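Quick note: the coordinates plus some simple rules give every number you see, no bench work behind them. Quantities reported herein were computed from a predicted structural model and do not represent experimental measurements. Every residue, glycine among them, receives a Cβ derived from its backbone with ideal geometry; neighbour counts consider all protein chains shown.
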Amino acid sequence: MNYDIPGLPDRTTIPRDNGLTMVMDKGLSIREVEDMISVGGKYIDIVKLGFGTSIITPNLKEKLKLYKDANIKTSFGGTLFELFIAKGMFDDYRKMLDMYDMEMAEVSDGSIILPHDEKCEYIRKLGEQVTVMSEVGSKDEAKIIPPYKWISLMQAELDAGAWKVIGEAREGGNVGLFRASGEVRMGLVEEILTKIPAEKILWEAPQKTQQVWFIHLLGTNVNLGNIAPVEVIPLETLRLGLRGDTFDLFLKEGTAKLTD
């Protein structure tokens, strides 16, 4: 903080269990990672190497070391996990996690048909090796999952050992939790929250309007994911009421007043 302004909301501090920001790296160069960390590293908890980019990204070990040295945890994209499963290569996936000294893994089934009991078993097995995040929701915008099913899937995956469950939105924010327009499925989110604690969910919310909606609903320390590298600082200003969209949300009586 470059200047002390009284009354700003209290942010949890890293390492934290709540108030997480998960950034999507879709193939950043070493220099781009260095630049991102120099500006926003203190606000980033997790970086996901999106979909299958880690298979073809040059200098992968060097990149992962930069994140690790900055105390930022990393995971491969859930689609990469699904590819290994579809090819019957689960043991190879576990070897890859060890090869790159990964601390986290994402288990998803948004692109393949995977019986849920099998998915939960993968969560259990990987949980013996790394911290697991599991993703719920389909990447197919035509596939609408009813709220009760979201709840039962999320609870089962938490019971299987997932640290957090991720609400699917893809990098565009136009499936799963959201309509094709990017509008939040508000009834779905609110129903999920009647059964699943908010602190156990990481909401993929790449669009600013989506981030604002979740901050208004759940406060400054909501867990948000699929954030673009250039949006790390803008998101933190939203969390702190330093941007017009949330300016009046965290004002405290006696510290500031809106102009008439």
| query | Under 28 Å from the Cα of Lys65, which lysines turn up, not counting those fewer than eight places away in the same chain? | reply | Lys26, Lys42, Lys48, Lys73, Lys95, Lys125, Lys164, Lys200
| query | Can you give the charge dipole size of the chain about its Cα centre, rounded to the nearest 20 debye, using +1 on the beta carbon of Lys and Arg and -1 on the beta carbon of Asp and Glu? | reply | 140
| request: Please work out how much length the chain gains when fully extended from Asp4 to Ser29, using 0.36 nm per residue of separation minus the C-alpha to C-alpha distance, in nm with one decimal. | output: 5.6 nm
| remark: For the Thr194, Val230 Cβ pair and Förster radius 30 Å, calculated FRET efficiency rounded to 0.05 is 0.30
| query | Name the residues of the range 181-195 whose amide N is less than 13 Å from a point 7 angstrom out from the Cα of Lys143 along the C-beta direction? | reply | none
| task | Excluding residues fewer than 8 places away in the same chain, name every one of the aspartates and glutamates whose C-alpha is closer than 15 Å to that of Lys63. | result | Asp25, Glu32, Glu34, Asp35, Asp101, Glu103
| With each label point set 7 Å from Cα along the Cα-Cβ vector, what nm distance links Trp163 and Leu60? | 2.0
| Taking a temperature of 10 °C and a viscosity of 1.306 mPa s, what whole-number D in µm²/s does Stokes-Einstein yield for the chain with Rh from Kirkwood over alpha carbon pairs? | 84
